[in-house]
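Below is one structure, written out as structure tokens; the observations come after it.
The values are calculated or read from the model by the stated rules, or taken from the named source; none is laboratory data. These numbers come from a predicted model, not from an experiment. Reconstructed Cβ throughout: ideal geometry from the backbone, glycine too, with neighbour counts over all protein chains shown. In case anyone asks, the SASA skips ligands and DNA or RNA and just uses the protein heavy atoms, side chains included. Shrake-Rupley method; radii C 1.70, N 1.55, O 1.52, S 1.80 Å.
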Number of protein chains: 2
Amino acid sequence: MLLPYEQIGYIGAMTDFPNDVTPDRLCKADALPPSDQHARQYAAVRSAHETELLEDYVELIADLLQHQGEARSTDVAARMGVSQATVSKTVARLKSLELVSSKPYRSLFLTEKGEAMAAMSHQRHAIVLKFLRALGVSDHTARIDAEGMEHHASQETLDIMQRFSREQERGSS
Amino acid sequence: MLLPYEQIGYIGAMTDFPNDVTPDRLCKADALPPSDQHARQYAAVRSAHETELLEDYVELIADLLQHQGEARSTDVAARMGVSQATVSKTVARLKSLELVSSKPYRSLFLTEKGEAMAAMSHQRHAIVLKFLRALGVSDHTARIDAEGMEHHASQETLDIMQRFSREQERGSS
DNA sequence: CTACTATTTTAGCCAAGGTTAACTTATTAG
DNA sequence: CTAATAAGTTAACCTTGGCTAAAATAGTAG
């Protein structure tokens, strides 16, 4: 029963919990949020989830357009680490959402809407990545974590991250 | 095949990036990583994804056990913001993974394995939440963002976050 | 122009995570 | 003890995001 993280104030559910020992002092410091609020939090995560993949595709397509001049689905497949068939299907979805445009058997382009999403996404990605590095996270890890985290940072958090990176920068130069 | 950037480490898109300043000179500094590495990053995100929901359920069940003495699926449903049928199905999966145990129509318990997962998950959650607050993020936002981010923070990042929170604490007291 | 190769799409499969609606089991009020 | 209500399960369905295998299209070499 090793909990070297007592400082967090929330002591995990390690003990069996006879009903008569629901200690008030614990509940107070450490109560669950009201159900509906709790539900809203999870809903937010689920909804972020839905757009995550789409954003990743759009961001990648934008990167390919910028760096290679064109975005072919074979490259998308290779970089996403999925099959071409999967790319085809996802692209169909992106098209139906009017984020991507393309003619059959031709390479991919972003619509206005897609460009806007890519720009947002790219910006967030950059902010999170820069922040993690400013924090002291290694380059390799920062890249992986940023990929996952970028979709879950709210504007407020992004602003704070950006400020932090800037201050760090100023301090160290 | 082509990738002239193969030797360049991925620098990422680091600048703040006013939209009208997507300059060519940036492109150099801003190469794509090699395909296979890129693919591995996305694979990592996908794999984190797979366990996310399971961890959230397990964590919630642990919380309910601790705070209410029992974990009923109706409460899980209310707090997750999903239907009871969904909980039933997910719990079936958790049982098949030996994370949860329960008898039909009775409340839920964690197995050893489930407890271990809950403890880990809880710890990470707490670290991320505390970190965000130490950074200056509001309580409300910190809760939402922590829920989403906790699954994407590697051990290295968690360690750094924890250190940061501790220093912050020491500094302000 | 034809044939070969590379790329893209389509079809059919699967598991996960959601939904409603209908059914079963538990709990509780009279 | 019985009947009403609450809680949990099951069945049937949907969408997403993977996969493989096969078909269609594009690009290229002879």
Review point. Cross-link partners among lysines for A:Lys103, C-alpha distance below 24 Å, same-chain residues fewer than 8 apart left out?
Key: A:Lys89, A:Lys95, A:Lys113
Review point. Which percent of the accessible heavy-atom area of the range A:115-172 goes to carbon and sulfur, probe 1.4 angstrom?
Key: 50
**Study point:** Peptide B:152-159, shielding by other chains (average Cβ, 10 Å cutoff)
**Key:** 6
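Using 0.36 nm per residue, how much length does the chain from B:Ser96 to B:Thr74 gain when fully extended, once their Cα-Cα distance is taken away? Write down the numbers at each step before the final one.
Values: separation 22, 0.36 × 22 = 7.92 nm, distance 2.02 nm.
Value of the extension gain: 5.9 nm.
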Review point. What are the ³J(HN,Hα) values, in whole Hz, obtained from phi via the Karplus relation 6.51 cos²θ - 1.76 cosθ + 1.60 with θ = phi - 60°, for each residue of the range B:31-37 in sequence order, with x given for Gly and Pro?
Key: 5, 6, x, x, 3, 5, 5
Practice item. Using the Karplus curve 6.51 cos²θ - 1.76 cosθ + 1.60 with θ = phi - 60°, work out ³J(HN,Hα) for each residue of the range B:99-116 in order, rounded to whole Hz, and write x for Gly and Pro. Key: 9, 10, 10, 5, 9, x, 6, 10, 6, 9, 10, 9, 7, 3, 4, x, 4, 4
Practice item. Output, in nm with one decimal and in ascending order, the distances from the B:His140 label point to the matching label points of the other copies (7 Å from Cα along Cα-to-Cβ). Key: 4.2
Practice item. State, to one decimal in nm, how far the label point of A:Gln37 lies from the label point of B:Tyr105, with both points 7 Å from Cα in the Cβ direction. Key: 3.6
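Give, to the nearest whole percent, the P(r) tail of the range A:119-173 beyond 13 angstrom, counting all Cα pairs.
Numbers: 810 of 1485 pairs.
Here the tail beyond 13 Å accounts for 55 percent of pairs.
Taking only the alpha-carbon atoms of the range A:35-111, what semi-axes of the equivalent ellipsoid follow from 5 times the gyration tensor eigenvalues under a square root, in whole Å, largest first? Walk me through the numbers before you get to the answer.
Working: eigenvalues 164, 29, 26 Å².
Computed over the range A:35-111, the values are 29, 12, 12 Å.
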Point to revise | Whole-Hz ³J(HN,Hα) from phi, Karplus 6.51 cos²θ - 1.76 cosθ + 1.60, for the range A:133-142, glycine and proline x | key: 5, 5, 5, x, 6, 5, 4, 4, 5, 4
Review point. Measuring from label point to label point, each 7 Å out along Cα→Cβ, what is the B:Arg170 to A:His67 span in nm?
Key: 4.0
Practice item. Whole Å is fine, so just give me how far the alpha carbon centre of the range B:155-173 lies from that of the range B:38-104. Key: 29
Review point. Nm distances between the label at A:Ser101 and the same-position labels in the remaining copies, 7 Å along Cα→Cβ, shortest first?
Key: 6.0
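Once you keep just the Cα pairs under 8 angstrom separated by 6 or more residues, what percentage relative contact order results for the range A:35-111?
Rounded, it is 27 percent for the range A:35-111.
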Check your understanding: For labels at A:Asp139 and A:Gln155 in the simple 7 Å Cα→Cβ model, what's the distance in nm?
Key -> 3.4
Check your understanding: Counting partner chain Cβ atoms within 10 Å of every residue's Cβ in A:66-73, what's the average?
Key -> 2
Exercise for review: Would you grab the residues whose amide H sits under 5 Å from the one on A:Leu110? Only those 5+ places off in sequence or on another chain, please, with H modelled 1.01 Å from N.
Suggested key: A:Ser101
